1. Identify, please: which residue in the range 31-76 is of a type in the set (Ser, Thr, Tyr) and buried (at least 16 other Cβ atoms within 10 Å of the Cβ) and is, among those, farthest from the chain's Cα centre (by Cα)?
2. Say we look at the range 160-171 and pick out the residues that are part of a helix (DSSP H, G or I) and over 18 Å from the mean Cα position of the chain (by Cα); which of these is surrounded by the fewest Cβ atoms within 10 Å (Cβ to Cβ)?
3. Could you say which residue among Ile107, Ile99, Ile141 is outside any helix (DSSP H, G or I), open to solvent by less than 50 Å² (accessible area, probe 1.4 Å) and touching a residue at least 24 places away in the same chain (Cβ under 8 Å)?
4. How about the range 121-138: which of its residues are modelled with pLDDT of 95 or more, open to solvent by 50 Å² or more (accessible area, probe 1.4 Å) and touching a Lys or Arg at 6+ places or on another chain (Cβ under 7 Å)?
5. When the range 1-30 is examined, which residues are found to be of a type in the set (Lys, Arg) and open to solvent by 90 Å² or more (accessible area, probe 1.4 Å)?
6. Quick check on Phe155: is it modelled with pLDDT under 95, assigned to a loop (DSSP other than H, G, I, E, B) and under 16 Å from Gly102 (Cα atoms)?
7. Here's a check for you: in the range 1-44, which residue that is acidic (Asp, Glu) and assigned to a helix (DSSP H, G or I) is farthest from Phe137 (Cα to Cα)?
8. Which residue pairs have Cβ atoms under 7 Å apart, sit 6 or more places apart or on different chains, and have a first residue in the range 3-15 that is farther than 10 Å from Ala53 by Cα and a second that is aliphatic (A, V, I, L, M) and part of a strand (DSSP E or B)?
Amino acid sequence: IALRRAGRGVVYDVHEHVVVEALSLDKAHPIRARLKSAMYATWEAAARRTLDAFVCATPAIAKDFPPRRTVTVQNFPMLAELAPAEGGTPLAARPRAAIYAGVLAGIRGVREMTRAAALLGGDARVVFYGDFDGPPFQASITAEPGWARVEHHAFADRRTLVAAYGSARCGLCVYHAEGNFVR
């Protein structure tokens, strides 16, 4: 808003419905969560009146912004990138691995995926690409018995992830049905 008042053009890139997300991410502290949500609601109300344009990640988020100044650019995979490579490794010949890429957080099902890893047999494993949502959460997850079957990597670039997906048997997405994940 300060940049806009200084005569600059400002575009707000809206990836999440932060008003809802604040309530979901901080459920352990409901008063703090409501305060954050109210703060985001106030900020976005000012942004709607002030900023030049809005780029929203979903149609549901875009509904909250001025239609004439809002576009929706959804975050879908490029299917051509994920197409099986000619002469690539057949699914049955790939390592028995399931991959999740993204923030390693409770709301994204990381605890459930780690616990499921404990049930795997043979050489099967779960592979995570991403950073933990804070040291306390990381400590609780790495203490889970299933962690022994988890292979963890930091965030990776797109090319690395495409190669990883191409060498695994499946991907995992077990987000909790909360906040932005149901909008």
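The values are calculated or read from the model by the stated rules, or taken from the named source; none is laboratory data. Note that the structure is predicted; figures quoted are calculated from it, not measured. Don't worry about glycine lacking a Cβ; one is built from the backbone with ideal geometry, like all the others, and counts go over all protein chains shown. Just so you know, the surface numbers come from the protein's heavy atoms only, side chains and all, with ligands and any DNA or RNA stripped out. Shrake-Rupley method; radii C 1.70, N 1.55, O 1.52, S 1.80 Å.
1. In the first step, residues of the range 31-76 are kept if they are of a type in the set (Ser, Thr, Tyr); the result is 37, 40, 42, 50, 58, 70, 72.
Imposing the further condition that a residue be buried (at least 16 other Cβ atoms within 10 Å of the Cβ) reduces the set to 37, 40, 58, 70, 72.
Details: Ser37: 19, Tyr40: 19, Thr58: 14, Thr70: 22, Thr72: 18 Å.
Only one residue fits best here, namely Thr70.
2. First, pick out the residues of the range 160-171 that are part of a helix (DSSP H, G or I): 160-166.
Remaining after also requiring over 18 Å from the mean Cα position of the chain (by Cα): 163, 166.
Working: Ala163: 12, Gly166: 15.
Across the range 160-171, the extreme among qualifying residues is Ala163.
3. Working: Ile107 fails: outside any helix (DSSP H, G or I); Ile141 fails: outside any helix (DSSP H, G or I).
None of the others qualify; the one that does is Ile99.
4. The one that is modelled with pLDDT of 95 or more, open to solvent by 50 Å² or more (accessible area, probe 1.4 Å) and touching a Lys or Arg at 6+ places or on another chain (Cβ under 7 Å): Arg125.
5. Of all residues in the range 1-30, those of a type in the set (Lys, Arg) come to 4-5, 8, 27.
Scanning the range 1-30 gives Arg5, Arg8, Lys27.
6. Numbers: modelled with pLDDT under 95: yes; assigned to a loop (DSSP other than H, G, I, E, B): yes; under 16 Å from Gly102 (Cα atoms): yes.
Spelling it out, Phe155 is indeed modelled with pLDDT under 95, assigned to a loop (DSSP other than H, G, I, E, B) and under 16 Å from Gly102 (Cα atoms).
7. Taking the range 1-44 as the starting set, the residues that turn out to be acidic (Asp, Glu) are 13, 16, 21, 26, 44.
If we keep only those that are assigned to a helix (DSSP H, G or I) as well, we get 21, 44.
On the way: Glu21: 18, Glu44: 29 Å.
Top of the filtered list is Glu44.
8. Cβ pairs passing all conditions: Val14/Val55.
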